[in-house]
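Coordinate-derived values only; no laboratory data. Keep in mind the model is a prediction, meaning the values are calculated, not measured. Here the Cβ is made from the backbone with ideal geometry for all residues, glycine too, and neighbour counts use every protein chain on show.
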Amino acid sequence: MSKKMRSKNKAVAIVIEGLRNGGSERVASILANSWASQGRPVDVITMSGVEDDFFQLDPAVQRNVIRGRKNAISFWQGLKINIHRIRSFRQALTRSQASTVISFNLVVNILVILAGTGLGRRIIISERTDPNRQDMGRVWALLRKLLYHRAHTVTANSRHAIQVMASYVPRHRLSLIPNPVKQQKNTVAMEDKEKSILMVGRMVPLKRQSLALEAFALSGDQKRDWKLVFVGDGPDRAGLEDTARKLDIANQVIFAGNVEDPGSYYKAASIFLLTSSHEGLSNALLEAMSWQIPSIVSDGLPGALEYVEEARTGLVFRAGDSTHLAQRLEQLMTNFDMRKQLGSAARQRIKELKIDRILALWERMIEGDQEERGPS
């Protein structure tokens with residue numbers, strides 16, 4: 001049997017908190033569905049049930065829900081809850097036939113490393129944010145530094161995250177695996193796009209969508225024919241809607257909510273904004289680039305800056321500075337040729353992130369063949 005065939009037969013367990021609408025969840029569902037369609041046995045182990053799912057799994061994927069999403073109100077209650085989670089994960093991994101376990105995000109990564117101790121499974125963990133900026137508390141930050149090196153492989157979707165973790169994880173165990181991006185074939189010419197500025201993502205504090213509202217309000221007469229579109233939902237939505245009213249721009253702001261297929265919004269958009277205070281590598285940004293949309297991103301996002309280069313594949317604004325963001329918006333709103341040029345360059349930049357190529361990198365992880373550098 002060839003090495004390729006042996007790899008296809010290896011069962012894999014994917015562990016993640018749930019399959020709600022988010023970047024990690026998107027990547028986990030792509031992996032699970034792609035492998036299941038190829039005939040690989042795949043288990044997906046989650047703490048939340050199907051009632052909370054946004055992403056759907058192939059019927060061939062085995063789902064195992066351990067029900068461990070209860071929030072703690074004290075340190076000791078949290079300790080008790082997490083001991084229960086570790087036991088539940090260990091039981092799920094013991095029942096699974098998977099020889100390789102892939103987990104996503106800090107808390108689940110820590111729990112899986114502990115749960116998998118002594119089980120003889122190959123543990124691959126995936127860090128999907130900026131380890132320097134993520135604020136999960138001192139205990140989890142300390143556990144990351146103490147335990148990540150125990151995984152067989154630690155993956156991340158940005159070079160910045162790899163560099164940060166190299167201070168506590170041996171370099172040979174670190175591997176860059178960017179987010180996979182569907183290469184859009186039927187993009188819309190800039191001439192045919194609407195004058196819309198798009199933001200896609202959960203409405204939570206770290207996304208800082210209020211900056212977009214403030215900047216749009218500051219952009220003067222240029223904004224008259226434009227609209228600002230938010231795709232996504234979350235606890236900050238009511239506050240953002242209130243801010244739009246207070247800034248007297250509510251009639252030009254659209255809150256679309258969660259959308260199963262946001263393709264029509266990407267097709268229509270002429271500008272994409274990413275204002276987050278921190279994150280790893282935004283799936284929404286990469287999707288926008290694949291749709292040939294020029295982007296404006298914060299200079300506080302090292303992962304995004306690996307793909308958005310000032311005045312070549314997008315524009316960059318000073319993190320947290322709504323006035324500077326307004327200036328960058330005006331620059332694109334008033335310059336059709338710049339929008340067209342940056343959008344075209346952005347599309348070319350992310351061609352290396354084709355789904356098949358990224359899946360091949362994950363295959364190397366399953367085989368134990370490290371690929372530290374990933375795509376160039």
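Please give the FRET efficiency for Lys80 paired with Glu352, using the beta carbon to beta carbon distance and R0 = 30 Å, rounded to the nearest 0.05.
Working: r = 45 Å, r/R0 = 1.52.
Efficiency, from the Cβ-Cβ distance: 0.10.
Between Glu260 and Gln38, what is the spin-label point distance in nm, taking each point 7 Å from the Cα along the Cα→C-beta axis?
Roughly 2.7 nm, to one decimal.
Taking the convex hull of the Cα atoms, report for region 7-113 its projected area averaged over all directions, in nm². Can you show the working numbers first?
Details: hull surface 26.1 nm².
Mean projected area for region 7-113: 6.5 nm², to one decimal.
May I ask which residue of Ala345, Ala256, Gly232 lies farthest towards the positive end of the charge dipole of region 190-352, with charges of +1 (Lys, Arg) and -1 (Asp, Glu) on Cβ and the Cα centre as origin?
Ala345
Hey, rough spin-label estimate for Arg150 and Glu306, points 7 angstrom out along Cα→Cβ, what's it come to in nanometres?
2.7
Compare the peptides 279-289, 120-130, 91-101, 55-65 by average per-residue count of other Cβ atoms within 10 angstrom and give them in order, highest first.
279-289, 120-130, 91-101, 55-65
What value, in deg cm²/dmol to 500, does the helix sum -39500 (n - 2.57) over DSSP H runs of n ≥ 4 give at 222 nm once divided by the residues of the chain? Display every interim value, and only then the final one.
On the way: 14 runs with 147 residues, N = 376.
It lands at -11500 deg cm²/dmol.
Taking the alpha-carbon centroid of each part, what is the distance from region 82-105 to region 320-357 in angstrom?
Each part's Cα centre sits 41 Å from the other's.
I'd like the orientation of helix 355-367 relative to the chain: the angle between its Cα long axis and the longest Cα principal axis, in ° from 0 to 90, rounded to 10.
20
Counting pairs of Cα atoms in region 241-376, how many percent are more than 24 Å apart?
Numbers: 3479 of 9180 pairs.
Pairs farther apart than 24 Å: 38 percent.
Could you tell me whether region 77-137 comes out rounded, prolate or oblate from its Cα gyration tensor? Rule is a ≥ b ≥ c as square roots of the eigenvalues, rounded for a/c under 1.5, then prolate if a/b exceeds b/c, otherwise oblate. It would help to have the intermediate numbers written out before the result.
Details: a/c = 2.97, a/b = 1.33, b/c = 2.24.
Oblate, because a/c is 1.5 or more while a/b does not exceed b/c.
Rounding to the nearest 20 debye, state how big the charge dipole of the chain is about its Cα centre with +1 on each Lys and Arg Cβ and -1 on each Asp and Glu Cβ.
1580
Taking a ≥ b ≥ c as the square roots of the eigenvalues of the Cα gyration tensor of region 247-291, is the shape rounded (a/c under 1.5), prolate (a/b larger than b/c) or oblate?
Working: a/c = 1.82, a/b = 1.26, b/c = 1.45.
Here region 247-291 falls in the oblate category.
Largest first and to the nearest Å, give the Cα extent of region 182-246 along each principal axis.
For region 182-246, the Cα spread along each principal axis is 36, 33, 14 Å.
Using modelled amide H (1.01 Å from N, peptide plane; none on Pro or chain starts), what sits under 5 Å from the amide H of Ser103, excluding residues fewer than 5 places away?
Here the answer is Val15, Ile124, Ile125, Ser126, since their amide H atoms fall under 5 Å of that of Ser103.
Please report the base-10 log of the normalised intensity I(q)/I(0) for the chain, using a Debye sum with one equal scatterer per alpha carbon and no solvent, at each q in 0.11 (1/Å).
Taking Cα atoms of the chain as identical point scatterers yields -0.78.
Charges only on Cβ, +1 for Lys and Arg, -1 for Asp and Glu: so what's the dipole of region 259-334 about the Cα centre, in debye to the nearest 20? List each step's numbers first, then the result.
Values: 4 positive and 10 negative charges, 40 e Å.
Dipole about the Cα centre, nearest 20: 200 debye.
Rounded to the nearest 5, what % of the DSSP beta bridges within region 190-352 are antiparallel ones? Don't skip to the end; give the middle numbers.
Numbers: 1 of 19 bridges.
Here the antiparallel bridges make up roughly 5 percent for region 190-352.
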